[in-house]
Amino acid sequence: MRNLLTLAFAALAMTANAQNNKNEQGDIWLDINGVRDLTADSLDIANQARPVPGSSRKGNNPVLFLVGNSTMRTGTRGNGDNGQWGWGFYAHEYYDEEKITVENHALGGTSPRTFYNDLWAPVVAAVRPGDYVFLELGHNDNGPIDSIRARSSYRPDGKLSITEDSISIYNKVKKKQETVYTFGGYTRRFINEVRMKGGIPVLFTLTPRNAYEADGKTIQRKLNDFTPAIFAISKELCVPVIDLNDISAKKLETYGPWKTDYHFYLDKIHSSAFGAMMNARSAAEGVAASNDPQLVRLQSFLNDNVKPKRCDQKREKGKPMVFLCGDSTGKNADKDVDGMWGWGSQGYTVFDAKKCVFQNQAKAGRSTRTYLEEGRWEEVYNSLEPGDYVLIQFGHNDIGGIDKQKERGVIACVQDTSHVYHMASSGKNKVIYSFGWYIKKMVRDAQEKGAIPIVLSFTPRNEWHEGKGEVRGTFYPVNEKQGKQYIERRNDRYIPTWDKQVAEECGCAFVDVHNLTADALDKLGKEKAAAYFNHDHTHTSLKGAQLNAQSVAKGLKALKHPAARLLK
């Protein structure tokens with residue numbers, strides 16, 4: 001409580017002195033990196049979001065304490081309400097929580113100096129023999145040593161230092177004299193105090209920024225000499241070190257600028273959920289790959305999530321795989337002759353099993369968003385190899401409730417856009433993107449792996465309307481006639497148009513299954529077409545599933561697409 005009160009009064013003092021410490025733009029919280037954080041004037045609220053140190057411990061099991069800044073816990077409450085997430089939120093997903101628990105004690109806006117002075121004492125007090133403490137601090141160790149934020153370490157000769165040097169200054173925030181140590185001085189204190197409690201400290205280099213070298217391909221690694229300083233301290237004090245900066249930067253370099261951009265949110269430093277998950281995985285991968293004997297026990301606590309999940313177990317040597325990603329129109333119950341079927345179950349009626357392996361990864365009820373959120377796309381992505389094909393077909397479940405009802409809807413447009421929504425069911429915040437963005441992500445992910453994506457428009461519904469004579473309505477084909485019934489078309493409305501736009505932008509094929517199947521059903525007429533659907537106007541019978549599979553094949557042949565060589 002004393003620490004919370006101290007921080008709260010410190011925040012008030014900073015606010016009171018704000019007018020005398022504005023930068024040229026008049027923004028008192030804009031730091032040297034051009035980043036605004038809200039923790040300085042609301043630390044009391046932020047601390048309520050942090051766990052009580054050691055409270056997660058199960059019996060005599062060890063605890064993994066995370067110590068860091070906004071790259072570990074971002075936003076005032078660390079709950080993603082600003083669209084940013086720290087990797088500490090996802091770190092626990094890689095450890096067996098029946099053997100070790102993970103506590104995220106990081107706080108946005110902190111530096112080695114401010115974390116050590118204001119937040120460290122209760123954390124280290126909770127450390128027991130055999131516990132682990134991850135230390136990733138440095139992003140905020142910049143600016144004048146006596147600035148309004150009072151968070152920079154002492155730099156003899158103006159350079160980052162790992163020595164034990166210190167200087168006494170007047171702290172404008174706390175209104176008292178303070179001994180300020182070097183970056184190395186604070187880091188040594190963290191390390192030594194953890195070891196005095198019998199814990200194992202582990203150093204991490206800083207998360208990479210969204211900044212490229214002049215070649216436009218290489219992510220900047222230097223980060224103001226923090227990496228060499230951290231490695232030097234690690235070597236001198238025999239502390240395990242994980243080069244988080246390099247592990248994540250190598251991933252970003254394979255992604256390219258568009259994908260790298262969405263791993264960050266609002267600025268070039270703070271990560272989106274995508275970036276936070278990437279960094280959390282990188283941290284776990286670094287632990288798993290370490291040869292330091294001090295981490296052998298910790299490695300035994302890692303779970304199977306460290307190894308990327310795949311879905312290509314049926315891969316056959318010398319044959320490309322064809323993956324279908326979609327919803328219930330691609331995969332349904334697929335077992336009762338008189339039941340509902342997705343066309344993916346009939347993949348081998350058009351694709352030749354002697355030439356390829358067809359893998360139906362569609363899942364009923366999914367939208368582009370939920371397919372991604374549930375990790376289903378990640379399994380396909382991890383499985384892709386050069387020369388594979390990916391059929392991407394969504395839309396039936398994408399336009400609906402975003403933050404309520406089934407919570408699977410997306411922003412209804414093709415443009416790259418996003419917004420933070422507060423989910424009604426869980427009370428959690430989530431960044432939701434547009435339909436076009438989700439399709440584009442899958443397409444570009446596939447291209448990144450050397451696979452060949454093909455975008456498919458969604459299947460038509462069993463909804464019929466009378467023709468309009470000379471007037472071409474939104475739902476009707478070109479050759480409509482007065483008095484004749486035509487199956488519903490959505491050629492001038494959202495999803496099929498967006499699919500085509502994304503495919504054209506990304507340079508991949510587009511197969512208009514929607515119209516190919518609708519053409520066939522129009523020829524049959526309303527009464528006969530009823531046999532191609534089951535249960536409702538969207539889901540297909542076995543005959544309907546086979547028809548949609550034939551439409552895919554017909555479209556590929558018409559395009560003379562390379563995938564057509566895999567057809568029967």
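Some notes on this structure:
- Region 152-201: C-alpha pair distances exceeding 14 Å, %: 56
- Sorting 411-424, 133-146 by their mean Cβ neighbour count within 10 Å, with the most densely packed peptide first, gives 133-146, 411-424.
- Close amide H pairs (under 5 Å, H built 1.01 Å from N) link Asp352 with Leu567, Lys568, residues at least 5 positions away or on another chain.
- Among the listed values (i) 65, 51, 50; (ii) 95, 65, 39; (iii) 89, 53, 49, the one matching Cα extents along the principal axes in Å as calculated from this structure is (iii).
- Between 0 and 90°, nearest 10: helix 435-448 axis offset from the chain longest Cα axis: 80
- If you plug the beta carbon distance of Arg565 and Glu97 into 1/(1 + (r/R0)^6) with R0 = 35 Å, you get a FRET efficiency near 0.10.
- Packing rank of 202-213, 304-315, 89-100, where each peptide gets the mean count of other beta carbons within 10 Å, highest leading: 202-213, 89-100, 304-315
- Using a Förster distance of 60 Å, the FRET efficiency for Lys235-Ser425 (Cβ separation, nearest 0.05): 0.75
- The apolar share of the surface of the chain, taken as the fraction of accessible area on carbon and sulfur atoms (1.4 Å probe, ligands and nucleic acids excluded), comes to 51 percent.
- Over region 93-190, Cα pairs under 8 Å with separation of 6+ residues give a relative contact order of 24 percent.
- Residues whose amide H comes within less than 5 Å of that of Ile452, counting only those at least five positions distant or on another chain, are Gly387, Asp388, Tyr389, Val390 (H built at 1.01 Å from N in the peptide plane).
- Separation between Cα centres of region 173-207 and region 77-142, rounded to whole Å: 13
- Cα shape, region 233-294, gyration tensor, a/c 1.5 rule: prolate
- Cα-projected label distance for Asp215 with Asp336, points at 7 Å along beta-carbon direction, nm: 6.0
- Scalar couplings 3J(HN,Hα) for region 258-271, obtained by applying the Karplus form with A = 6.51, B = -1.76, C = 1.60 to θ = phi - 60°, are 4, 6, 4, 4, 7, 7, 10, 9, 6, 8, 9, 10, 7, 8 Hz; x denotes Gly and Pro.
- Between Ala558 and Gln415, the C-beta separation translates, for a Förster distance of 22 Å, into a calculated FRET efficiency of about 0.15.
- Peptide packing: for 525-537, 391-403, the average count of neighbouring Cβ atoms within 10 Å per residue gives the ranking 391-403, 525-537, highest mean first.
- Pairs exceeding a 25 Å alpha-carbon distance, out of Lys309/Lys568; Lys440/Lys526; Lys484/Lys568; Lys526/Lys554: Lys309/Lys568; Lys440/Lys526; Lys484/Lys568.
- Amide hydrogen neighbours beyond the local backbone of Tyr212, cut-off 5 Å, H modeled: Gln220
- Comparing Cα centroids, region 499-568 and region 307-386 end up 17 angstrom apart.
- Heavy atoms of the protein chains alone define the surface here; on that basis the chain has 43 Å² accessible area per residue at 1.4 Å probe size.
- DSSP bridge analysis restricted to the chain gives an antiparallel fraction near 40%, rounded to the nearest 5.
- Computed over the chain, the per-residue total of -39500 (n - 2.57) for DSSP H runs of n ≥ 4 gives a 222 nm mean residue ellipticity of -9000 deg cm²/dmol, rounded to 500.
The values are calculated or read from the model by the stated rules, or taken from the named source; none is laboratory data. Here the structure is a predicted model, which means the values were calculated and not measured. Note that each Cβ is placed from the backbone with ideal geometry, even for glycine, and that neighbours are counted across all protein chains shown. The area values use the complete protein model at the heavy-atom level, side chains included, leaving out ligands, DNA and RNA. Shrake-Rupley method; radii C 1.70, N 1.55, O 1.52, S 1.80 Å.
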